[in-house]
Amino acid sequence: MTSSPVLLAVALSLVSALCYATAAVVQERTAAGTVNLRGALARGSWWGAVLLNAAGALLHVVALRYGPLSLVQPLGVLTLVVAVPLGALVARRRTSGTQWRGMALTLFGLTSLLTVTASGSGPDRTLSTTGVLLVALAAAAVIAVLVRLASGRSAAGGLAFAAASGIASGVGSTLAQKLAVGVGMSWSAVVLAVLTVGFAAGGLLLAQKAYGSGLGGPLALLTLVNPVAASAIGVTLLGEGFQYGATGALLALAGGVTAARGVVLLSRPQTQTQTQTQTQTQTQPGPQLERPVSLDVRVPHLRPTRILTGTSRAA
């Protein structure tokens, strides 16, 4: 963690997370104001989110050039840490104490992960061409199953789209690392570039579908699945490990659990408790002073009447 390339990778990842968080807030608000994906594509705000995602992706790719996958990818969790208070600020809501605790736990867990993550000056290995094709096929199959299970704007459907988006983004980052490190000009490089763009674009569109059911839950799941997918590839296929042996692995596990707990807290709806309290106050008003029963009975107006007393007409 003392080498300048790794510090540069961390700094780039932080700015990338800021771009992704801003884009997520814009996408969620766009999804809330549109009926379907076609409607979102017709709005300028969505294309602004695309530009922010592109900037975040570019910074992320550059970060992968200087840092290992198991280091750079978990920093994407900071997207949620930034997006929650940013979304509250845009919507003029107050960030709850639960979410502040979630941010603290997430940052603490990430700090633990960073202290034991591989500290080399950069990625030592990348996927082979065969490994790229196998990972792409496996990821595409899982994404297809998740999309098939998703339905409409329901909460379960949003989480399924979010998981699919996280896998697509994680695999896209893995493939982008191979491009960033450098590949020769060949047909395999072209295939790699096409797959990278395809998974990145797929992750963006799937995230837009996920945000149709809200921001907190889908963004939390997406943020967790993304680094898990990429780090699993880095550890199992690229031989990336942790410092300090078994102790480092335990610290990494503890940090991951702590960060996951923080993400769960951050994913809770921001104004759920306040909304319930307001609803109860409106539907169950407190005791009020009893109004006296009005005895005001409208009586017909009596007009004076001439009473004839037997007078006769003059002859």
Fill in: Amide H within-cut-off set for Q243, under 5 Å, with H built and near neighbours excluded
T117, A118
Response to the item:
Note, the stretch 50-62: 3J(HN,Hα) by Karplus (6.51, -1.76, 1.60, θ = phi - 60°), whole Hz, Gly/Pro = x, goes 4, 5, 5, 5, 5, 5, x, 5, 5, 5, 5, 5, 5
Worksheet entry | the stretch 97-105 - phi-based ³J(HN,Hα) in whole Hz, Karplus 6.51/-1.76/1.60, Gly and Pro as x | x, 4, 6, 5, 5, x, 5, 5, 5
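Ranked highest first by average number of other Cβ atoms within 10 Å, how do 190-201, 40-51, 222-233, 88-99 line up? Don't jump to the answer; show the numbers that get you there.
Working: 190-201: 17.5, 40-51: 15.7, 222-233: 24.0, 88-99: 13.9.
In descending order of packing, they fall as 222-233, 190-201, 40-51, 88-99.
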Worksheet item: So if R0 is 25 Å, what FRET efficiency would V264 and R38 give, r being the distance between their Cβ atoms, rounded to the nearest 0.05?
Response: 0.15
Worksheet, complete the sentence: With every protein chain kept in place and a 1.4 Å probe, the stretch 1-85 has an accessible area per residue in Å² of 41 Å²
Worksheet item: Counting Lys +1, Arg +1, Asp -1, Glu -1, what net charge surrounds G109 among other residues with beta carbon under 15 Å of its beta carbon?
Response: +2
Worksheet item: When all C-alpha to C-alpha distances in the stretch 129-226 are sorted into bins of 10 Å, what percent of pairs does each bin hold, rounded to whole numbers?
Response: 18, 46, 24, 10, 1
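The values are calculated or read from the model by the stated rules, or taken from the named source; none is laboratory data. Keep in mind that this is a model prediction, so the values were computed, not measured. As a convention, Cβ positions derive from the backbone with ideal geometry for all residues, glycine included, and neighbour counts pool all protein chains shown. Just so you know, the surface numbers come from the protein's heavy atoms only, side chains and all, with ligands and any DNA or RNA stripped out. Shrake-Rupley method; radii C 1.70, N 1.55, O 1.52, S 1.80 Å.
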